[in-house]
Amino acid sequence: MNRTVSVNDGIIVSMNDKREVFRGSVLIENNKIVQVERNSSKLKADEEIDARGSIVTPGFICSHTHLYGILLRGAPLKLMPPSDFTQNLQRIWWPMDETMNGDDAYISALTASLELLRTGTTTFADTFSGPNAIKGVLDRIENGVLEAGIRGFISFEATQRRSEEEGYQGLEENERYIKKAKDDKMSGMVSIHASFTVHDDLLKAGKELSDKYSVPLTIHTSEGKWDLYHNLERYGKRTFERLYDLGILGKRTLVAHAVQVNEDELDLIARTGTSVAHNALSNMLNAVGIAPVPEMFKLGINVSIGNDGYIFDAFENIRATYLIHKVNKLDPRVMSFLQVLEMSTVNAAKSLGIHEKLGSVEVGKLADLVIIKPSVRPTPLNESSAYGYLVNSVNGKDVDTVIVNGEVLLKGGKFVKIDIDKVNTKAEKIVSDYWRRLANVTEKVEVLGL
Ligand SMILES: [Zn+2]
């Protein structure tokens, strides 16, 4: 039986081809948008949502995250503070991922998915790392994601930082899940950690897998300088030159970061149709530099916004992206409202190969919508002020309603299906145990034998 939901009389930021913004209503039938009306009329439906005084956007899409990163919040690491990006991996991320088990993966997926939903994101692309919890771990992550009800790409981050075989085990886990993912909200993809922790053969095997199943291939690239130096020293090539020579770049490839890149490398990214996930807040946190996003735009590169497992609120990431390039270039014109909103919707959808189905409010698209109700409206909220409100004013706490695949998951700022107190209690129990194990890790310095 068909179930209908209508969203009535809101300011609709459509992100359609003409990027139209208008006052109107949206009708959803089952999991699809079936009608978009440009007036204030109320559309009859089984569930009618009043969007007056609100902005209606397509669900935001986070093109690069690590759901398990949420467990680092306040974690009791007793390690020397890192002084550069490589030490950041050695002293924080690698001890953290080596301590993780399936229960930790599950609870991080559930709580991070809920936080993403609560703050406006409806689709994400996640890579999990946990060398001591490889086989079957994506099923545990899937359980957490499905419980929350969000839409996600999940993957295991293949790395050979400890051994050759582990890299292939990581790819096997990706392939197993890609073949298994049957729920219409869940997808698999291929993930490789970074070029400085894998050999050429694994990179090529990852690309073959991505081509075989027509799924995205994602990899960290030139985040800190180490990736660049490693490739120059071992291969005599800059990072993107090595990836290009190996045939890794292409339309299905989504590289995260691309901070330490030169003009020749940007040309390779543009020429191959490779997409970039930009992570402004994480790059600031890790002090790795500022990606040349305005230059990427000039070359027509498809750039989207990721959170890299740091701050999950879509609006904080949008705002950081909007601001960082202005101060970096000493030019306020280098980033516009529309560009950062495109990065979080249509560009992100394109980077994951889902732009035919998601990223805009249009008839025929899947019904992933966010209704944002600014708690204070100091200026008129209308068609011309909506972008300004989204980029310069609201945050995740202003998200009133979230619809994923036609299902209302958040209403009035509250989860509809989830008892959040129960989830918090469960998280406290599992994560307390994880933190106890993590606190025992006192030293961790990996020797990169690659
Ligand atoms: Zn990352």
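The values are calculated or read from the model by the stated rules, or taken from the named source; none is laboratory data. Predicted model only: the values in this text are computed from it and were never measured. Cβ: placed from backbone, ideal geometry, glycine included. Neighbour counts: every protein chain shown. We work out accessible area using only protein heavy atoms, side chains counted, and drop any ligands, DNA or RNA first. Shrake-Rupley method; radii C 1.70, N 1.55, O 1.52, S 1.80 Å.
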I'd like the distance between the alpha-carbon centres of the stretch 255-279 and the stretch 49-70, rounded to an integer number of Å.
26 Å
Accessible area of the chain divided out per residue, in Å², using a probe of 1.4 angstrom
39 Å²
Distance from the Cα centre of the stretch 109-137 to that of the stretch 300-331, in angstrom?
20 Å
Mind checking the angle between helix 137-148 and the chain's longest principal axis? C-alpha axes, 0 to 90 degrees, to the nearest 10.
20 degrees
Within straight cross-link reach of LYS426, meaning Cα distance under 12 Å, which aspartates and glutamates are found once same-chain residues fewer than 8 apart are removed?
ASP103, ASP104
Above 19 angstrom, tally the Cα pairs of the stretch 94-215 and express them as a % of all pairs, no decimals.
44 percent
Kirkwood hydrodynamic radius of the stretch 356-450 from all distinct Cα pairs, in Å?
17.7 Å
In whole percent, and with a 1.4 Å probe on the protein chains, what portion of the accessible area of the chain is carbon and sulfur?
49 percent
Over all pairs of distinct alpha carbons, what does the Kirkwood formula give as the hydrodynamic radius of the stretch 1-81, in Å?
15.3 Å
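Assuming R0 = 25 Å, can you tell me the calculated FRET efficiency for the pair LYS414 and ASN30, based on Cβ-Cβ distance, to the nearest 0.05?
Numbers: r = 24 Å, r/R0 = 0.95.
The formula returns an efficiency of 0.60 here.
Below 8 Å between Cα atoms, with a sequence gap of 6+, how large is the relative contact order for the stretch 60-351 in percent? Numbers along the way, then the final one.
Values: 572 pairs, mean separation 54.2, N = 292.
This gives 19 percent for the stretch 60-351.
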Take every Cα-Cα pair in the chain and report what % of them are more than 33 Å apart.
32 percent
So for GLU428, GLU265, what's the accessible-area order with a 1.4 Å probe, most first?
GLU428, GLU265
FRET efficiency, 1/(1 + (r/R0)^6) with R0 35 Å, evaluated for ASP267 and LYS212 via beta carbons
0.80
If one takes the longest principal axis of the Cα atoms in the chain, at what angle in degrees, from 0 to 90 and to the nearest 10, does the Cα axis of helix 263-272 lie?
60 degrees
